[in-house]
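Below is one structure, written out as C-alpha cells, with a few remarks after it.
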Amino acid sequence: MYTIDRWAYANRWRCRHPVEKLTLAAGMLLLSLTVPPWPGGMLILAVMAVTTVGLAGIPLRVHLRVLRVPAGFALTGAAAMLFRIAAKPEGGWRLALAPGGTAAAAAVLLRSLAALACLSFLALTTPVVEFVPLFRRWRLPPAVLDLVLLVYRFLHVLTDRARAARTAQASRLGHAGIRHAYRSLGLLAASLFPRALERARRLEHGLAARGFQGDLHVLLPQREISIAALAGILLLEIALGLLSAALRG
Amino acid sequence: MHIMEGFLPLAHAVGWNLAAAPFVVHGVRKLARQMKENPETKLLLGASGGFAFVLSALKLPSVTGSSSHPTGTGLGTVLFGPPTMTVLGGVVLLFQALLLAHGGLTTLGANIFSMAVVGPWVAYAAYRLARRSGASLAVSTFLAAALGDLATYVTTSIQLALAFPDPAGGFAGAAAKFMGVFALTQVPLAISEGLLTVLVMNWLAQY
Amino acid sequence: MSQVILEARGLEYSYEGGTQALSGLDLTVAPGRRLAILGANGAGKSTLLLHLNGTLRPDRGTVYLDGHPADYSRRGLIRWRQQVGLVLQDPDDQLFAASVYQDVSFGPLNLGLSEAAARQRVEEALAALEIEHLRDRPTHLLSFGQKKRVAIAGVVAMRPRVLVLDEPTAGLDPAGVQRLLATLDRLHRAGTTLILATHDMDLAYGWADEVAVLHRGAVLRQGPPEVVLQDAALLASAGLRTPWVLEVGRRLAATGWIPPAAGLPRTREELLAGLPDRDGSTRPRDPAAWTVPHPGNHEGARQR
Amino acid sequence: MSQVILEARGLEYSYEGGTQALSGLDLTVAPGRRLAILGANGAGKSTLLLHLNGTLRPDRGTVYLDGHPADYSRRGLIRWRQQVGLVLQDPDDQLFAASVYQDVSFGPLNLGLSEAAARQRVEEALAALEIEHLRDRPTHLLSFGQKKRVAIAGVVAMRPRVLVLDEPTAGLDPAGVQRLLATLDRLHRAGTTLILATHDMDLAYGWADEVAVLHRGAVLRQGPPEVVLQDAALLASAGLRTPWVLEVGRRLAATGWIPPAAGLPRTREELLAGLPDRDGSTRPRDPAAWTVPHPGNHEGARQR
C-alpha cells in the first residue's frame, strides 16, 4: 500500500477537521510562493517539518522519504537553470554557466521544497477522500466527486492485483534483465486493464444489488471545526509572512 | 512528466489553472451528461482512472536511473475521447499529488494543461489522421500514445521555459534546455508507452 | 405472506458469446427457509443468484416474487432488491466507499430513507454483523474476513426479507466460517429467509434445512438435505460428494451401530456424541441430540 | 543433495505501516517432503511463502537454500527462483499472456533457454498438468479450475525442485480438488518437494507427510500430521480445528473400536473401510489399509 495513504489514516491529526488542515497547508503554500525563498522558504520548511513530525506524529524518515522523490525532479529542473545558451563567435550555440544561475536555481529549489513540505503535510495527515465532502459543499459537480470516490476505491483494488502480479512475474524470472523487465511490465499493464474493466462490470452488479440508481451518496462523518485552531493557524501564517518580509528588509 | 509543487511562480501557477479551466469545465459538462444517460459509465471510468493511477505508480526500469512511468493518456483518449480524458486525467493528477506527492496542487493547472489537455488532443489528432490515411489500428494507436506523450513533455518544457527564460537565449533557449534535460527519459518513455498501448489494445480486441 | 416467497420457473439464460448458463431451471423458496444451492464450479450457481434479484433477466422462463411475475421496470427492480438482498462472493465487488460507515449507508440512502432513519439502519447492520468497531476504518485496509462482513452489512442494512449469498464461506478460515454461520443464524431467527450457494457439502448438510442440487444450469433435485444428499448417484452426476458426516453416519447405521429407528447425525458434534461405546451399550449415547430423522421416515423430496 | 533443502531461522518481517507479519519464524523443509503450512487467516502464511523464494527479505533472520544463506543479489535471486517455484492463490494474478501456450512459455524464455528447449519445457508442463488440449485457448476464457492448472504449469515449466503453493484448493469444487491433488502427487513422485499453505485441515491431514502450524507469524510446531494434529490445545490456540477423520478415528479408538495396536485412519476412505461390523467382528475390516501408525508409537515431532 501507499505510504502516504497509510499514514493519513494513522497519524495523530487524523480526526481534526479537514478544513483546519487545509487552511494550514493552503495558507503556507500560498506563502511559500509569495515570500522571498530566503529566509521565508527556510522558515516554512521548518514550521511544516515541526507540524508534520512533532505534532501530527509522522516519523521523520517517512516525512523525508516523501520529499525525496519530488525533490529529485526539482533538482533536475533546477540544474537546467545553472546553464545558459551562449552564441559561439564562429556561429552556432554552446552551453555556458549562467551568471547568477546558482542563486536562481537555489531560490527555485528552496521555494519548491517549502511548497512540497506543505503538500506532504496535507497528504500525510488527511485521507484524500475526506476532501470529498468539502468539494460537495463547494458545489463541485457530483459527477466529478463520484469519479474521485471510485478512482480511489479502484486504485487500491488494482494496486493489490498489480502487486501480486509483479510477484508472480518475478517468481518466473520476469525481471531478470532490462529487456525482460520491460516486456513483463507491458504484459502486466495489458492484462490489468481488462481486469479493471471486468471489475467495473462486477461492481455494477454488486451496487445494483444495493439499489444503485446513478448516485453514489453516502452518509459522511460529522466533525466540528475548531474555531480556535483555525484562528491560530491564520495568526501563525500572518506572523510568518510579516517575519520573512521583515528579515529580508 | 509533472511539474512539482512550488516549482512555478505564483503568476504562472494561476495562469495555467485559468488556461486549463475551460477544458475541464467542458469535459465535466460532457461527462455529467454521459453519466446521467448511463450511470454505469461512472464505474467504467472509475476503473480506468484507477488503472491509470496504478500504471503511473509502477516504476519503469529506466536507463538513466530516474524513475519515469507510463501515463495511459493515449489509451484513454482512444477509448473515451479527449474531453473525458481531461477530467479523468485531472482526477488522476489530483491523486498523484495527494497520494504520491508527485506533481502538486498549485501546479495542478499546469499539469492538467500539458497531460490532460494537450496530450489527449494531440493523441486524438494523431489517431484520426493516421486512421484516415489508412494506417492499421496498431500503428494508429502507437502514434497516438507516443505523440501524446511527446506533446506532454514538450508542453511541460515550454511551461518551464516561460517561467524561467534563459538569460541569453530567452524563451527559446530555455525551452531547448529543458527539453534537452528531460529528453533522456521522456523519449524512450514515449516509445515504450506507444508499444504498451498497442499491447493493451490487442488484448482488448480479443474480448 | 404467501407460502412461496421466491420462485423460478423454466429459467433459461445464455451469456453473450453463447455459453448457456441456465437451461430450464426450477426453484422454489418458502419463507423462513435456509436453502443451500449446491453445484460444482460452472454449474450455474452464480448466474441463478443474479436472476433471483433481477440483475440478470432470463431469456425464457419467469421469476416470481410473492407469487407475482417479477417486474423489471425501474421501480419494480428497486422494490425487488429491497426484498431480496444479494451478497457477491468477492467483497471487493460490492464495496466502493472509503470508510465502512459510509459504505454501509449506501443501500439505506438508495431506499430514499431520511438521514436519521438511514443512520439507524447502519447502526443496526453494524451491530448485526458485529463490526461496530470498524465503522471509521477505510475499506481498503480491512482483512478479507472483515471485508466480507462489511459487504454483508451493506446488504443487511436494507432489511431484505430474503438474503442471498454467493459462496459466503469461500476464503474464510474455520473460525471465520463459524462466526459467519452464527451471524447467519441470528439473521435467520430474526425472520430472514436465507439462500446460500456453495460447493461445500459438509457446510450445506450441517446448516441448510433445504438443498437444491444444480447441474448444467438446471436443478436436479430440491428437498431436505438428509434425503437429497443420500442420493449418491445424483451427487456424483453433479460432480459433488456425499457429506462425510452423512457417509460415516450411514455406514454406522448399515453396520448396525445406529438402530434403524434413530436418525442420522447432522454435524460433527452430533456424530461424536452419538458414537456408541464398545462395552455392550449399543445404543447411541444421546440419541435425543440427533436432529435428523431417519431417511426412511421422510417424504416430500421433489424429484425433477 | 543436502538433508535440508530450504530452511528459515528466526525470520522477522514487518509490513510498512507497522504490522508485524513474521516474528521469529523457524521452518525446515527436507527434500521430497509434502509439507502443509497451516494457519488461520492473517497468521502469516502468505508472507512466509514470499520469503521462501526471496520475494520478501526478512528484517531479521535468515533463509537457507541447500544449507547456504540465501543470496539476494540479482544472480542469486535468479538461481533461487529457478529452484523454488511459487504459485499464488489467485490464478488471475499469474496469467498475463494471451494464450495458454504463450503464458506457460514465459518462465522458460526468461531462463534464457533456446526456443527448442523452451518448447520442450512447455510441452512437459502442459502434459504434467493435463492441459495439452487447452494450449491455444485464450487465458481469459478459461474456467477457474483451468486457470489454476495453467498458473501451476507456468511455474512447473521452470522445473523447480521445490514447488510452493498458496491455498491451491481455494475456490475449487470437490472434483477440482481431487484432480489437483492427483496432479500434485504425480509431481511429488517425480521428485518435486511440495509446500502448500492452507487452512483446510482435512486436506492437510489427508495429504501432507509433515505439517507446520503457524500462529501470529511463528511456527508453533512442525512435525508429522498424525502427531501435531492430535494436539487439540495447540490447534485451538492457532484458531484451527482437528481434522474430522482424525477426531472420529480417535473417538473410535477411545471407545475401543480400534485396537490400540492399529493406527488411525487418514482419509475418509480409510475410515469407512475400517469401521467394524456390529456382528461381533470387532477388528477393523482392513487394518492393512490404514497408513498411519498409532500416535503412541510416534516420535520426532519437534516442539518449538
Global geometry of the stretch A:135-209, whether rounded, prolate or oblate, following the gyration tensor of its Cα atoms and the 1.5 cut on a/c: prolate
With DNA, RNA and ligands ignored, accessible area of A:VAL53 (1.4 Å probe; Å², nearest 10): 40 Å²
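From the helices alone, meaning DSSP H stretches of at least four residues, give me the mean residue ellipticity at 222 nm for the protein assembly as shown, per-run term -39500 (n - 2.57), in deg cm²/dmol to the nearest 500.
So the calculated ellipticity at 222 nm is -16000 deg cm²/dmol.
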Relative contact order, percent, chain B [alpha-carbon distance under 8 Å, six or more residues apart]: 25 percent
Buried solvent-accessible surface, both chains (A, B), 1.4 Å probe, Å² to nearest 100: 6100 Å²
Cut-off 11 Å between beta-carbons: net charge of the residues surrounding B:GLY46, Lys and Arg +1, Asp and Glu -1: 0
Rounded to whole Hz, the Karplus (6.51, -1.76, 1.60) HN-Hα couplings of the stretch B:157-165, x for glycine and proline: 4, 5, 4, 5, 5, 5, 6, 10, x
Solvent-accessible area per residue for chain B (1.4 angstrom probe, square angstrom): 35 Å²
Accessible area (Å², 1.4 Å probe, nearest 10) - C:THR62: 50 Å²
Nm distances between copies for C:ALA30, ranked from closest, using label points 7 Å along Cα→Cβ: 5.7
Overall Cα dimensions of chain D - principal axes, largest extent first, Å: 67, 46, 37
Summed buried accessible surface, chains C and D, 1.4 Å probe, nearest 100 Å²: 3200 Å²
C-alpha long axis of helix B:10-37 to longest principal axis of chain B, angle in °: 10 degrees
Percent RCO, i.e. relative contact order, over chain D, from Cα pairs under 8 Å lying at least 6 residues apart: 20 percent
Volume in Å³ per residue [convex hull over Cα atoms, computed for the protein assembly as shown]: 188 Å³
Listed residue (C:GLN120, D:ILE195, B:VAL91) projecting farthest to the positive dipole end of the protein assembly as shown, Cβ model: B:VAL91
Helical segments meeting 18 Å axial Cα length and Kyte-Doolittle -0.5 threshold in chain A (DSSP H): A:18-34, A:60-80, A:101-125, A:142-171, A:178-208, A:227-248
Amide H contacts of D:ILE5 (H built 1.01 Å from N, under 5 Å, at least 5 apart or other chain): D:VAL29, D:ALA30
When each of B:LYS36/D:LYS148; B:LYS30/C:LYS45; B:LYS30/D:LYS147; B:LYS42/C:LYS45 is checked by Cα-Cα distance, pairs over 32 Å: B:LYS36/D:LYS148; B:LYS30/C:LYS45; B:LYS30/D:LYS147
Whether chain A is rounded, prolate or oblate, judged on the alpha carbon gyration tensor where a/c under 1.5 counts as rounded: oblate
Inter-centroid distance (Cα atoms) of the stretch B:101-144 relative to the stretch C:182-207, Å: 53 Å
Solvent-accessible area buried by pairing C with A, both sides, nearest 100 square angstrom, 1.4 angstrom probe: 3200 Å²
Percent carbon-and-sulfur accessible area, the protein assembly as shown, ignoring ligands, DNA and RNA, probe 1.4 Å: 57 percent
Percent antiparallel among DSSP beta bridges (both partners in the protein assembly as shown, rounded to 5): 60 percent
Accessible area expressed per residue, the stretch C:16-90, with surrounding protein chains retained (probe 1.4 Å, Å²): 42 Å²
Per residue accessible area in Å² of chain A, where ligands, DNA and RNA are left out and the probe is 1.4 Å: 41 Å²
Using alpha-carbon coordinates, inclination of helix B:82-100 to the longest axis of chain B, degrees: 60 degrees
For the stretch C:1-81: rounded, prolate or oblate by the Cα gyration tensor [a/c cutoff 1.5]: oblate
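Give me the percent relative contact order of the stretch B:125-207, please, defined on Cα pairs under 8 angstrom at least 6 residues apart.
35 percent.
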Angle between chain C longest axis and helix C:115-128 axis [Cα atoms, degrees, rounded to 10]: 20 degrees
Which of A:CYS15, A:CYS118 is most accessible, then next, and so on - probe 1.4 Å: A:CYS15, A:CYS118
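The values are calculated or read from the model by the stated rules, or taken from the named source; none is laboratory data. Computed from a predicted model, the values in this text were never measured in an experiment. FYI the Cβ positions are ideal-geometry reconstructions off the backbone, even for glycines, and counts take in every protein chain you see. SASA here: full protein model, heavy atoms, side chains in, ligands and nucleic acids out. Shrake-Rupley method; radii C 1.70, N 1.55, O 1.52, S 1.80 Å.
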